[in-house]
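The values are calculated or read from the model by the stated rules, or taken from the named source; none is laboratory data. Note that the structure is a prediction, hence the values are computed from the model and not measured. When we count neighbours, we look across all protein chains shown, and the Cβ atoms used for this are built from the backbone with ideal geometry, even at glycine. Just so you know, the surface numbers come from the protein's heavy atoms only, side chains and all, with ligands and any DNA or RNA stripped out. Shrake-Rupley method; radii C 1.70, N 1.55, O 1.52, S 1.80 Å.
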Protein chains: 2
Amino acid sequence: MADRAYRKYSALAMVQKLTVKAVLEMGLIEDGDRILIAVSGGKDSTILAVTLSRIRAALKKQYDLKAVHISTDFCSCCKKSVLSERLEKEGVPFDDVFVPVIGRLKEGRKMNCYWCSTQRRLELIRYAQENGFNVIALGHHLDDVIETFFMNMIFKGELCAMPALLRYRKYPLKLIRPLVYVEESRIVEAAAEYGFLKAACSCPYGRFSRRRVIRKKIDLFLDGSSPAKRRVLASLTGRNFDLLKE
Amino acid sequence: MADRAYRKYSALAMVQKLTVKAVLEMGLIEDGDRILIAVSGGKDSTILAVTLSRIRAALKKQYDLKAVHISTDFCSCCKKSVLSERLEKEGVPFDDVFVPVIGRLKEGRKMNCYWCSTQRRLELIRYAQENGFNVIALGHHLDDVIETFFMNMIFKGELCAMPALLRYRKYPLKLIRPLVYVEESRIVEAAAEYGFLKAACSCPYGRFSRRRVIRKKIDLFLDGSSPAKRRVLASLTGRNFDLLKE
């Protein structure tokens, strides 16, 4: 029982530790920031919201948090009340915004993940600006960063990684990815510890996405090795991978 | 027979076409260059020497060529007379230099591919400087470039590709890789057309090298797809991959 209690604590604690490390090393959060967290109801963004709420003391920084969910025409099943209740219990207020992505699609154009995510991003930016937020936080983790890098390379011929910190030129906003040092498997463990139940809808296109294909291939390519993943991330962030050791 | 004659010409011709393209696009060779080709007796460097000798007219440039073979303590089996005869028939004079790599190894240090290749590279630089060459040409092809990139990323945590053109800061020398656009499979075909017989020795360490492991993994990762390989190369060279279409 003692062991179980210890284990129950450890994955969430590790996520917090790695998030503090990323925030401090990369200067992701400053005192007084007003941070808007994009939440889908899935494990990654939920764990991000919980983590950002709990690491204020460790970071020795004061900042405001709010979670916003972007609903689309695809959303019919997601449990927004579950999500809202869960986040408010963590001290993170919640809001929901509807974006008619299908309605915005120009005639003759087909839906694709890139276009849809741009629409949702634009809506986040609009919401942040209208409500006085200077930071948008996204729940992308280490595996997402690696996958996107390889997808850009293999499908687009571009050497381009998702940055952990992006300052927009057009808006007085920064975009941060505080889970950049955290592997997905650890988030899965943390979510289980947290008693997480999925509250996101599944996108009908997601099942067939290239990301799923590339995810499996990366796993074979790197033998599912955490040190190898950390070295790939280190190569992308320009940081010595020793720094990424736990 | 007509078809066979056509095919017999085509792989070597394609290697030449892609080499001309790389040399012109990347400015690898200038008029008056004195180029030292590092030859091992293997297919890549032999095809490089043959190609550089035959594309002068297509490049509309005048340059001198010489091939140099670096012999090491491992060399016992390589057929230098075969190599020499073959290259001189192509109008490329040949020389051989001995480097005692095992003898140079400091006490207590183990042999490794990186160290050995540095020793051989230093010897090439010395030879080039002593004999008035301003260019060293290496036979690395597209697959080598991709493999080295992934090895640096996965094993060393570094984002670092083999450049097609490197100007040394310490020496008045440039290092070029004119086969950068050519896939290994095409060199294999070209070598067969040329009637190539291997004249290189096998390094006793090579069989167990990480490169062999990564080569197979890349093949699985990219489904052995030539367009995917070209997009990876495009991402590394910063060139739009459309330019790399044949």
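Name the residues whose placed amide hydrogens come within less than 5 Å of the amide hydrogen of A:I136, ignoring near sequence neighbours (fewer than 5 apart) on the same chain.
Distant-sequence amide H within range of A:I136: A:L36, A:K174, A:L175, A:I176.
Where only protein heavy atoms count, and the probe is 1.4 Å, what is the accessible area per residue for the range B:75-165 in Å²?
On the way: 4600 Å² over 91 residues.
Per residue, the range B:75-165 has an accessible area of 51 Å².
Is it possible to state the helix-based mean residue ellipticity at 222 nm for chain B, with each DSSP H run of 4+ residues giving -39500 (n - 2.57), the sum divided by total residues, to the nearest 500 deg cm²/dmol? What is it?
On the way: 10 runs with 118 residues, N = 246.
Counting only the DSSP helices, I get -15000 deg cm²/dmol.
Is there a simple number for the mean count of other chain Cβ atoms within 10 Å of the Cβ of residues in B:151-158, and what is it?
Working: counts 0, 2, 8, 10, 3, 4, 17, 6.
Across the residues of B:151-158, the mean count of other-chain Cβ atoms within 10 Å is 6.
Tally Lys and Arg at +1 and Asp and Glu at -1 over the other residues with C-beta under 12 Å from the C-beta of B:M111: what net charge comes out?
Around B:M111, the surrounding residues sum to +3.
Name the shape class, rounded, prolate or oblate, that the alpha-carbon gyration tensor gives for the protein assembly as shown, where a ≥ b ≥ c are the square roots of its eigenvalues, rounded holds for a/c under 1.5, and otherwise prolate holds if a/b is larger than b/c and oblate otherwise. Numbers along the way, then the final one.
On the way: a/c = 2.68, a/b = 2.07, b/c = 1.29.
Prolate shape, in that a/c is at least 1.5 and a/b is the bigger ratio.
Could you name the aspartates and glutamates whose alpha carbon sits less than 17 Å from that of B:K170, not counting residues in the same chain fewer than 8 places away?
Correct list for B:K170: B:E123, B:E130.
Return the average number of partner chain Cβ atoms within 10 angstrom of each residue Cβ along peptide B:227-235.
On the way: counts 3, 4, 1, 1, 7, 5, 2, 5, 9.
Per residue, the average neighbour count from other chains is 4.
For the full complex of protein chains and a 1.4 angstrom probe, list B:D31, B:D96, A:D144 by accessible area with the highest value first. Don't skip to the end; give the middle numbers.
Values: B:D31 105, B:D96 55, A:D144 15 Å².
From most exposed to least exposed: B:D31, B:D96, A:D144.
Just flag the GluC sites (Glu not before Pro) in the range A:102-151 sitting in loop per DSSP whose Cβ has no more than 15 other Cβ atoms within 10 Å.
Working: sites: A:E107, A:E123, A:E130, A:E147; in loops: A:E107.
Answer in residue order: A:E107.
Going by a ≥ b ≥ c, the root eigenvalues of the Cα gyration tensor, does chain B fall in the rounded group (a/c under 1.5), the prolate group (a/b larger than b/c) or the oblate group?
Numbers: a/c = 1.32, a/b = 1.10, b/c = 1.20.
Rounded is the answer for chain B, as its axis ratio a/c remains below 1.5.
How much of the accessible area of chain A, probe 1.4 Å, is carbon plus sulfur, in whole percent? Spell out each step's value before the answer.
Working: 6500 of 12450 Å².
For chain A, the apolar C and S fraction of the accessible surface comes to 52 percent.
Looking at the square roots a ≥ b ≥ c of the eigenvalues of the Cα gyration tensor of the range B:84-155, which shape do they give, rounded for a/c under 1.5, prolate if a/b is larger than b/c, or oblate?
oblate
Going through the range B:47-138, which trypsin sites (Lys or Arg not before Pro) have at most 13 other Cβ atoms within 10 Å and a DSSP loop state? Walk me through the numbers before you get to the answer.
Working: sites: B:R54, B:R56, B:K60, B:K61, B:K66, B:K79, B:K80, B:R86, B:K89, B:R104, B:K106, B:R109, B:K110, B:R120, B:R121, B:R126; in loops: B:K60, B:K61, B:K79, B:K106, B:R109, B:K110.
Those that pass, being in a loop and sparsely packed, are B:K60, B:K106, B:R109, B:K110.
Springs between alpha-carbon pairs under 10 angstrom, Gaussian network model over chain B: which of B:L59, B:L48, B:L159 fluctuates most?
Highest fluctuation of the listed residues: B:L159.
Under a 10 Å cutoff between Cα atoms, tell me which one of B:M111, B:M26, B:M151 has the largest fluctuation in the Gaussian network model of chain B.
B:M111
Rounded to the nearest 10 Å², what accessible area does A:T72 have for a 1.4 Å probe in the complete protein model?
Number for this one is 10 Å².
A 22 angstrom limit on the alpha carbon distance is what I want to check against. Which of A:K17/A:K43; B:K79/B:K229; B:K66/B:K174; A:K216/B:K216 exceed it?
Values: A:K17/A:K43 18 Å; B:K79/B:K229 33 Å; B:K66/B:K174 15 Å; A:K216/B:K216 16 Å.
In this structure, B:K79/B:K229 exceed 22 Å between Cα atoms.
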